[in-house]
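The values are calculated or read from the model by the stated rules, or taken from the named source; none is laboratory data. What you see is a predicted model, and the numbers here were worked out from it, not measured in a lab. Neighbour counts run over all protein chains shown; Cβ positions are idealised from the backbone, glycine included. These accessible areas exclude ligands, DNA and RNA; they are computed on the full protein's heavy atoms, side chains included. Shrake-Rupley method; radii C 1.70, N 1.55, O 1.52, S 1.80 Å.
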Amino acid sequence: DAATWKTFLTELKKQPRFAVDTETTGLNPWQSKLLGLSFSWKDSQGWYVVATEERLDALRPILENPKIEKIGHNMKFDAEMLRMSGIRMEPLTFDTMLASYLLNPTTRQHSLDALAFAEFRYEMMPISALIGPRGKKQLSMEDVPLDKLAWYSSEDADFTWRLYGRLKPKL
């Protein structure tokens with residue numbers, strides 16, 4: 001709602017760094033639609049913002065501000081999704097997927113789900129809980145109820161933030 005949006009935006013502007021994640025309709029940034037963004041700058045906290053034109057316009061100066069550090073998981077994808085929406089996010093300060101690879105190059109488990117379990121023994125909500133199993137009856141992310149989508153996306157930003165705190169000192 002408008003009051004929560006205003007509170008969120010005020011708090012986000014104060015942050016020297018935050019985790020950001022995009023929620024999309026697919027895995028190809030050139031063919032997918034941006035549904036929303038999630039943010040976290042404190043453990044166990046996440047914010048989900050529906051990607052309306054008005055809200056993206058308000059987020060643009062923050063996401064493009066080179067003095068505010070942005071943290072993500074597979075940031076190349078998120079940066080490209082935002083670029084397709086007219087936002088050039090910078091700086092891409094820390095990517096937890098790349099950090100995981102640098103710390104553990106012999107493993108193939110660098111997904112956010114795998115890292116959340118390995119580092120925190122936490123099982124994240126699987127995407128199948130949102131859209132169902134593969135097949136004809138599988139939902140599009142656009143069809144997922146907003147409360148479930150917000151939880152799923154905010155969880156991604158929250159654990160990206162937590163992983164940043166855990167992996168950065170190791171590097």
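Over the range 32-145, with every protein chain in place, what whole percent of the accessible area is carbon and sulfur at 1.4 Å, could you tell me? Using a 1.4 Å probe with all protein chains present, the range 32-145 comes out at 51 percent carbon and sulfur. Counting charges near ALA99 (Lys, Arg +1; Asp, Glu -1) among other residues having Cβ under 12 Å from its Cβ returns a value of +1. Compactness ratio for the chain: Cα radius of gyration over 2.2 N^0.38 Å (N = residue count) comes to 1.00. Sequentially through the range 161-169, phi angles give Karplus couplings (6.51, -1.76, 1.60; θ = phi - 60°) of 4, 5, 5, 4, x, 7, 8, 4, x Hz, Gly and Pro residues having no value and appearing as x.
Once you treat every alpha carbon in the range 61-121 as an equal point and sum by Debye, what is log10 I(q)/I(0) at q = 0.21 Å⁻¹? Log10 I(q)/I(0), no solvent term: -0.82. Put ILE71, ILE127 in order of accessible area, highest first, and with a 1.4 Å probe you get ILE127, ILE71.
Just to verify a number: FRET efficiency for THR52 and THR107, C-beta to C-beta distance, R0 = 41 Å, to 0.05?
E(calc), rounded to 0.05, equals 0.55.
DSSP beta bridges fully contained in the chain are about 60 percent antiparallel. Taking each of LYS14/LYS67; LYS67/LYS148; LYS13/LYS42; LYS33/LYS67 in turn, the alpha-carbon distance tops 22 angstrom for LYS67/LYS148; LYS33/LYS67. The residues of the range 19-76 expose, per residue, 49 Å² of accessible area to a 1.4 Å probe.
Taking the Cβ-Cβ separation of GLU64 and GLN138 as r and a Förster radius of 41 Å, what is the calculated FRET efficiency to the nearest 0.05? Don't skip to the answer; put the middle values down first.
On the way: r = 35 Å, r/R0 = 0.85.
The calculated FRET efficiency here is 0.70.
Calculate I(q)/I(0) for the range 108-171 by the Debye formula, one identical point scatterer on each C-alpha and no solvent, and give its log10 at q = 0.15, 0.18, 0.24 Å⁻¹ to two decimals. Calculated log10 I(q)/I(0) at the listed q: -0.55, -0.72, -1.02.
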